[in-house]
Ligand code: SF4
């Protein structure tokens, strides 16, 4: 009779769906090169030799937040001298600069939960971006922000999403999932949207035809079972709605957070998790190696562990850098292409929805 590890290994080789217990057996076996090989084959079954990137620009509107999550280094309270909030003229300046970027395909907007800014502030920014860059996709607002807008306005999540979609929102970035466990959220983010609210917002967005990413933040107070259960929850949502385009994981950066006594996990753990993401999430097409969080050398290595997307050129980033990330805040397209080619893959510039973009389009 085969033991659970033997069964799990066979399934990983054949690309069959893994249960939580089988995932756990593979994780505990710690055979990194075996996991890498299976994950790479799983990636190549989905996207062949192609690795995606896009030309995007991140905008963080404010860091003033009512939530005070212990995991967060970005937020501050109103009145703090580190606080900032972008106004219409700041956005105008950013958009004027963005217009000069060739083939800019996506504006990515995520922010804190400002105590006073009304929903109209966010809505007007979506309209302002759409007006200035009609061909760029607007990927904006995590489910945590959407729930905040709903609570602020008394509207349902469905109404808030419908209004934003009408104004030009194309997709949601999928942040704020952290670990979808009430036990973990009570410790790392007790005041922000619950796991149930995050899941409800995603399913609602998908039903409205708004595609999204999904995420995980790992390496803080969660157990390995909770990580794997999180992946299974995402997989179950995807079975139901088919609305997730890509999965993005963030290793926790403890610096400047209330959990700064924790240590950042090492690259071995990052790579093992990368392979586990590809193997567990058999129904999600793309796995991102988010270079700004991992550092580019580790993100490049992740292409050998099942990742098929390096995110984009980014331009400016404040949230992860507040937690001590030492990466650059932007990268050129030619550098991204070289990094992908070096790893033996074919760089493909894409739009938000993974349609390839060819020069001149
Ligand atoms: S993680 Fe988000 S909601 Fe929590 S404090 Fe930071 S910005 Fe606010």
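The values are calculated or read from the model by the stated rules, or taken from the named source; none is laboratory data. Model, not experiment: these values are computed from the prediction. Please note: Cβ atoms are built from the backbone with ideal geometry, for glycine as well, and neighbour counts cover all protein chains shown.
Points worth noting:
- Subset of region 142-164 [within 14 Å of the ligand (Cβ to nearest atom), more than 17 Å from the chain's Cα centre (by Cα) and in contact (Cβ under 8 Å) with a residue 24 or more places away in the chain]: 147, 148, 149, 152
- The number of residues in region 177-215 being within 30 Å of residue 137 (Cβ to Cβ), away from the ligand (no atom under 14 Å from the Cβ) and not in a helix (DSSP H, G or I) comes to 8.
- The helices (runs of 4 or more DSSP H) falling completely within region 1-118 that include 3 or more residues that are surrounded by 15 or more Cβ atoms within 10 Å (Cβ to Cβ) and out of contact with any helix residue (DSSP H, G or I) (no Cβ under 8 Å at 6 or more places or on another chain) map to 32-47.
- Of the residues 14, 3, 30, the single one that is at positive phi, more than 24 Å from the chain's Cα centre (by Cα) and more than 16 Å from the ligand (Cβ to nearest atom) is 30.
- Residue check for residue 167: more than 22 Å from residue 209 (Cα to Cα), away from the ligand (no atom under 16 Å from the Cβ), in contact with a helix residue (DSSP H, G or I) (Cβ under 6 Å, 6 or more places away or on another chain) and modelled with pLDDT of 95 or more: no
- Taken together, 119, 74 contain a single residue that is within 19 Å of residue 173 (Cα to Cα), within 13 Å of the ligand (Cβ to nearest atom) and out of contact with any strand residue (DSSP E or B) (no Cβ under 9 Å at 6 or more places or on another chain), which is 74.
- Number of residues in region 170-200 that are within 24 Å of residue 253 (Cβ to Cβ) and in contact with a helix residue (DSSP H, G or I) (Cβ under 9 Å, 6 or more places away or on another chain) equals 19.
- Single residue of region 217-234 satisfying the filter (within 21 Å of residue 17 (Cα to Cα) and free of Cβ contacts under 8 Å to residues at least 60 places away in the same chain) that is nearest to the ligand (Cβ to nearest atom): 230
- Condition met for residue 139 (touching a residue at least 12 places away in the same chain (Cβ under 8 Å), outside any helix (DSSP H, G or I) and exposed (fewer than 14 other Cβ atoms within 10 Å of the Cβ)): no
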